[in-house]
Amino acid sequence: MNGYTAREVARLLGLPVGRIYSYVRSGFLKPERGPRRALRFSFQDVVVLRTAKGLVEARISPARVRRILKRLADELPEGRSLAGLTIVAEGNRVVARDGARSWNPESGQRLFDFEIAELARRVEPIVRRAAREARKSGDDLGSEDWYEIGVHLEIAAPGEARDAYRRALELDPGHADAHVNLGRLLHEQGELKAAEEHYRSALAAEPDSATAAFNLGVVLEDLGRTDEAVSVYERLLKRDPGCADAHFNLARLYERSGRRIAALRHLRAYETLTTEH
């Protein structure tokens, strides 16, 4: 039967078995039942338990962690898992993130959105003026200059940032960082095939670029080309076994395809890398 026993999860994450059962009783985890009604935890359950462990290690009390995760689980739409959220401690405050949205799960208060919007509003006139001046003296600017302009434009004018990266690539088609950043912006806009092309161009120019390889794996997943994504992550980890996020993504893909032992191996590597001090 698929899934992990409570003792397997306890060994994997370094958690007391009793605490795992207490989290189940709290209701934010709903593991399946195996033979003789034994609990069987999914990979998503393991991810949520790792999050709970991280909060406790950040000095959030176990009781408070149970309350927070239960509230979040109750608020999620049907079919969504806590594993899809980023939940971290910032000092004594817990912050939940889902895409661009951040909030305090205890109060429900939205966080950061206003601060980011205000920062972008203040920065926009400056970066737009810089972009206009750059265009006037365009012949005097090199690829690296246009790349730097793109970096500064991203927060307030992503469309103009894309144009700046394209100017950089016109001058130097092998500028790997410009390919990565342009690919990322296109990726965020849903232009997946174009993003893939830029990530591959970045790797052609700089084969050891872990960022380009990881981003390529992600966009291949988004394109539904899972087998190719697995191959990209595997090659990345041969060059850079310390890439924790690649281990995590591989674990998730292996779990989905039923390769439980391989998933567990990469999840353990992820856990080791993210708990080292």
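Computed from the coordinates by the stated procedures, all read-outs in this text should not be read as laboratory data. Quick caveat, the model's predicted, so the values are computed rather than measured. Virtual Cβ from ideal backbone geometry, glycine too; neighbours counted across all protein chains shown.
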Label assignment, log10 I(q)/I(0) by the Debye sum over Cα atoms at q = 0.09 Å⁻¹ derived from the structure, set (1) -0.48; (2) -0.38; (3) -0.55: (3)
Trypsin sites (Lys or Arg not before Pro) restricted to DSSP loop in segment 159-255 with at most 16 other C-beta within 10 Å: R225
Contact order normalised by length for the chain, with contacts defined as Cα pairs under 8 Å and 6 or more residues apart; what percent is it? 9 percent
Along segment 171-181, what does the Karplus equation 6.51 cos²θ - 1.76 cosθ + 1.60 (θ = phi - 60°) give for ³J(HN,Hα), rounded to whole Hz, x for Gly and Pro? 7, 8, x, x, 6, 4, 5, 5, 4, 4, 5
From phi via Karplus (6.51, -1.76, 1.60), per-residue ³J(HN,Hα) for segment 143-152 in Hz, x at Gly/Pro: 4, 5, 4, 5, 4, 5, 4, x, 4, 6
Using Cα atoms only, what is the angle between the long axis of helix 226-239 and the major principal axis of the chain, expressed in degrees (0 to 90) to the nearest 10? 80 degrees
Under a GNM of the chain (C-alpha, springs under 10 Å), which listed residue has the highest mean-square fluctuation: P35, P62, P105? P35
Gaussian network model of the chain, Cα within-10 Å springs - most flexible of E255, E234, E90: E90
What is the helix-to-structure angle for 260-275, meaning the angle in degrees between its Cα long axis and the longest Cα principal axis of the chain, kept from 0 to 90 and rounded to the nearest 10? 70 degrees
May I ask you to evaluate 6.51 cos²θ - 1.76 cosθ + 1.60, the Karplus curve with θ = phi - 60°, for each residue of segment 64-80 and list the ³J(HN,Hα) values in order in whole Hz, giving x for glycine and proline? 5, 4, 4, 5, 5, 5, 5, 5, 4, 4, 5, 7, 6, x, 4, x, 8
Other-chain or far-sequence residues with amide H under 5 Å of L29's (modelled H): none
Mean separation of Cα contacts under 8 Å, 6 or more apart, over the residue count of segment 144-273: relative contact order %: 13 percent
